[in-house]
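Okay, so here's the structure we're looking at.
Every number here is computed from the coordinates shown, using simple stated rules; none is lab data. No experiment lies behind these values; they were computed from the predicted model shown. Cβ atoms come from the backbone with ideal geometry, glycine included; neighbour counts cover every protein chain shown.
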Amino acid sequence: MENIIRGKVWKHGKVDTADIISTKIWLENLNNLDPDILGKHAMAPIDKEFASRAMRGDFRIIVSGKNFGGGGKSFEHGVIALKAVGIVLVVAESFARYNFRNSINNGLPVLECNGIFNAVEAGDEIEADLSTGVIKNLTSGAALQADPLPEFVLGIMEAGSYTAYIREQLRQTGTNEANCAGETL
Amino acid sequence: MPGMTMTEKILAGASGKKIVRPGEIVNARVNALMMTDLKGPYVFKVLEEELGTSKIRDGLDVVFVLDHLGPAHDIKSAQQFKACREAARKYGLPHFYDLGRQGIGHQVMCEDGYVFPGTVVAGIDSHSTTYGALGAVSFGISPTEGAIILATGELWLKVPETTRFTVTGNLPRRVSGKDIFLHIIGMTKWNGEVLYKAVEFTGPAISALSVSDRMAMCNMVAEMGAKNGIIAPDDKTAEYLAGWPEKRYDAVLSDPDAVYSHEYAVDVSSLSPRVSVPHRIDDVRPVEDVAGRKIDQAFLGSCTNGRLEDLMIAAEILKGRKVHPDVRLIVVPASRKIYLEAVRNGTIEILAEAGAAVLTPNCAACAGIGSGNIASGEVCISSTNRNFEGRMGAKDSEIYLASPATVAASAVEGVIADPRKY
Ligand code: SF4
């Protein structure tokens with residue numbers, strides 16, 4: 001996967017899990033994570049046009065404020081829905097924990113970046129380097145620094161999901177030998 | 001270069017780094033994994049079908065506990081237990097806790113020597129934050145992440161910022177760690193400055209708390225949306241862990257110049273018992289304000305407050321008294337060890353004598369899927385950690401959260417009562 005992502009921005013200040021996908025849709029599709037179904041309802045509670053515009057290619061990056069995906073629910077439907085309509089990156093001031101983990105685990109890059117909300121307008125084109133965390137607003141010329149994604153997280157993005165990445169690692173090494181340098185206690 | 005908080009230091013050690021900073025993502029070694037009857041079989045399914053392996057990483061303590069569903073009360077739970085036992089047998093899990101030998105997973109983790117200061121411990125349950133009371137970094141994860149830990153002994157983690165609560169003052173009689181926590185969440189709210197962060201409790205009032213009360217506090221940081229709760233290990237921690245002399249550990253402490261995202265000072269010297277009222281955990285009132293509210297059930301148990309000390313405080317209040325005739329008091333020791341101790345020291349006898357219904361260790365009514373649920377319109381005062389709508393049964397029932405002392409005093413009076421009278 002390309003570590004540099006470029007695209008137009010859709011922006012919204014406060015996005016909860018129930019905004020990404022409504023509770024109704026999530027409950028109707030409890031055990032059915034079908035991207036085609038979920039994608040149609042992406043962000044519908046706060047932007048009815050979101051899915052059609054994203055699929056048309058109007059934007060592919062989400063910029064948001066604090067606690068993106070908040071609301072304390074662990075379901076993964078929202079991430080699937082965003083990927084389904086072609087969202088390739090979410091940049092926010094901060095993320096809710098479940099949402100941050102679900103995004104990375106399902107192969108959707110997320111960058112946490114102080115000051116992003118005021119530095120970018122809807123429709124701006126930005127360029128983000130996942131491995132350095134440098135984000136450039138190509139429209140305004142502003143540059144910001146986000147927390148970069150380390151090598152193995154980029155590997156997860158490349159593989160498409162955390163499980164796919166681990167499966168491949170296990171297959172390659174042929175053992176379950178850990179590859180981090182942590183000391184055992 | 002500023003210092004690091006204990007959470008940062010522990011995550012640095014676990015990922016083989018000298019320094020980590022908040023926001024950084026690390027791949028950390030996990031020392032122990034807790035799973036329960038609810039998700040256990042599914043975790044092994046992910047391991048086999050999605051990760052393509054049936055080998056568990058060496059050196060990882062896998063603790064599998066049957067706790068949420070209690071003794072099987074219908075065919076569905078009986079089937080679930082059967083699936084758990086089959087998985088435990090297939091994998092030859094040495095730390096499988098079946099009925100009669102078990103307890104609530106979080107309690108078992110702490111009292112049976114799976115959690116030590118400086119370690120990283122994960123659990124497939126939100127209240128895995130409990131183990132931070134022993135100076136570990138611990139948190140809840142999804143079943144899929146549990147399967148990844150089984151296979152690799154590792155998990156990616158974002159290093160959280162730390163918010164520090166410095167708690168001072170002598171805690172008044174009959175006021176406990178639970179009351180301190182309820183006071184703090186009433187003050188900061190669920191959506192406060194601790195979302196996805198580490199919450200560090202420190203100060204003389206925390207040092208004065210028992211390990212049991214510290215566990216109640218770290219247990220409930222899950223209700224603040226925090227990643228983990230943590231308390232620096234001290235002599236009390238060492239004494240608590242003395243039963244496992246073979247397990248050597250390093251006490252990891254925060255550097256004096258560590259950087260905190262937020263700091264709060266809390267003085268508890270005039271704190272009164274607190275009650276969290278339906279249906280929000282962060283809607284907290286002094287007991288004086290809600291005293292007199294009629295109750296139907298009092299529940300004493302759970303991973304928050306079902307420990308020996310909790311049962312003993314209740315027994316102190318109930319000794320020579322009776323549970324109010326219009327109320328049923330349900331008591332559930334959090335583990336078999338606690339149950340045995342409480343039988344041996346006479347606590348269970350006092351409670352049963354007073355009219356309490358004592359159950360075998362399990363989650364019971366806490367999550368509304370075991371025994372002791374409440375009916376439509378009923379009110380329960382509970383020592384548990386969540387009072388969401390319908391958590392303990394009927395959707396239009398009400399749950400008030402309080403300390404074991406307040407639960408016991410209320411059981412006596414039939415209404416929410418101030419335990420300081422007893
Ligand atoms: S006692 Fe309650 S909160 Fe604790 S693990 Fe069981 S259901 Fe969850």
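The figures follow:
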| item | result |
| --- | --- |
| Shielding by partners - mean other protein chain Cβ count within 10 Å, residues of A:90-97 | 3 |
| Förster radius 30 Å - calculated FRET efficiency between B:D289 and A:L30 (Cβ-Cβ, nearest 0.05) | 0.15 |
| Gained length - B:T360 relative to B:D74, 0.36 nm times residue gap less alpha-carbon distance | 101.3 nm |
| DSSP-loop trypsin sites (Lys or Arg not before Pro) across the stretch A:1-80, with at most 13 other Cβ within 10 angstrom | A:K14, A:K48 |
| Cα gyration tensor shape for the stretch B:273-333, rounded if a/c is under 1.5, else prolate or oblate | oblate |
| Chain B, dipole about Cα centre (Lys/Arg Cβ +1, Asp/Glu Cβ -1), debye to the nearest 20 | 420 |
| Cα-based shape type of chain B, given that a ≥ b ≥ c are square roots of the gyration tensor eigenvalues and the cut on a/c is 1.5 | oblate |
| Listed peptides B:254-261, B:385-392, B:398-405 by packing density, highest first (mean Cβ within 10 Å) | B:398-405, B:385-392, B:254-261 |
| Cα-centre dipole for the stretch B:103-257 with unit charges at Cβ (Lys and Arg positive, Asp and Glu negative), debye to 20 | 400 |
| Inter-label distance, nm, simple model (7 Å from Cα along the C-beta direction), B:K45/B:M187 | 4.5 |
| Cβ-Cβ FRET estimate between B:H262 and A:N3, R0 fixed at 25 Å, reported to 0.05 | 0.15 |
| Net lengthening on full extension, B:D98/B:M1 (0.36 nm per residue, minus Cα-Cα) | 30.0 nm |
| Calculated log₁₀ intensity ratio I(q)/I(0) where the Debye formula runs over C-alpha points of the stretch B:162-267, q = 0.14, 0.15, 0.17, 0.22 Å⁻¹ | -0.55, -0.63, -0.81, -1.26 |
| Simple spin-label estimate for B:E316 and B:A242 in nanometres, 7 Å along Cα-Cβ | 2.1 |
| Solvent-free Debye scattering, log10 I(q)/I(0), computed from the Cα coordinates of the stretch B:192-231 at q = 0.23, 0.35 Å⁻¹ | -0.69, -1.14 |
| Average other protein chain Cβ within 10 Å of Cβ, residues B:17-29 | 4 |
| Residue-count net charge about B:A222 - beta-carbon cut-off 10 Å; Lys, Arg +1, Asp, Glu -1 | 0 |
| Positive-end extreme of charge dipole, the protein assembly as shown - chosen from B:I10, B:P94, B:T347 (charges on Cβ) | B:T347 |
| Mean Cβ neighbour count within 10 Å, used as a protection proxy, ranking B:75-85, B:266-276 highest first | B:266-276, B:75-85 |
| Qualifying GluC sites (Glu not before Pro) for the stretch A:1-76 [loop in DSSP, other Cβ within 10 Å: at most 14] | A:E2, A:E49 |
| 10 Å Cβ neighbours from other chains, averaged over peptide B:44-57 | 3 |
| A:E158/A:V134 FRET efficiency (R0 25 Å; Cβ-Cβ; nearest 0.05) | 0.80 |
| Beta bridges by DSSP in chain B, antiparallel share as percent, to the nearest 5 | 20 |
| Distant alpha-carbon pairs in the stretch B:47-94 (separation over 14 angstrom), percent | 60 |
| Lys/Arg +1, Asp/Glu -1 at C-beta; chain A dipole; positive extreme among A:T163, A:V120, A:G78 | A:G78 |
| Residue order, fewest to most surrounding Cβ atoms within 10 angstrom, among B:S176, B:S410, A:S140, B:S210 | A:S140, B:S210, B:S176, B:S410 |
| Prolate/oblate/rounded call for the protein assembly as shown, Cα gyration tensor, a/c under 1.5 rounded | prolate |
| Computed over the stretch B:276-421, Kirkwood Rh from alpha-carbon pairs, angstrom | 14.6 |
| For chain B, calculated [θ]222 nm from helices alone, where every DSSP H run of n ≥ 4 adds -39500 (n - 2.57) | -8500 deg cm²/dmol |
| Sorted by Cβ neighbour density within 10 Å, fewest at the top, the residues B:E223, A:E158 | A:E158, B:E223 |
| Environment charge at A:P35 (Cβ cut-off 14 Å; Lys +1, Arg +1, Asp -1, Glu -1) | -1 |
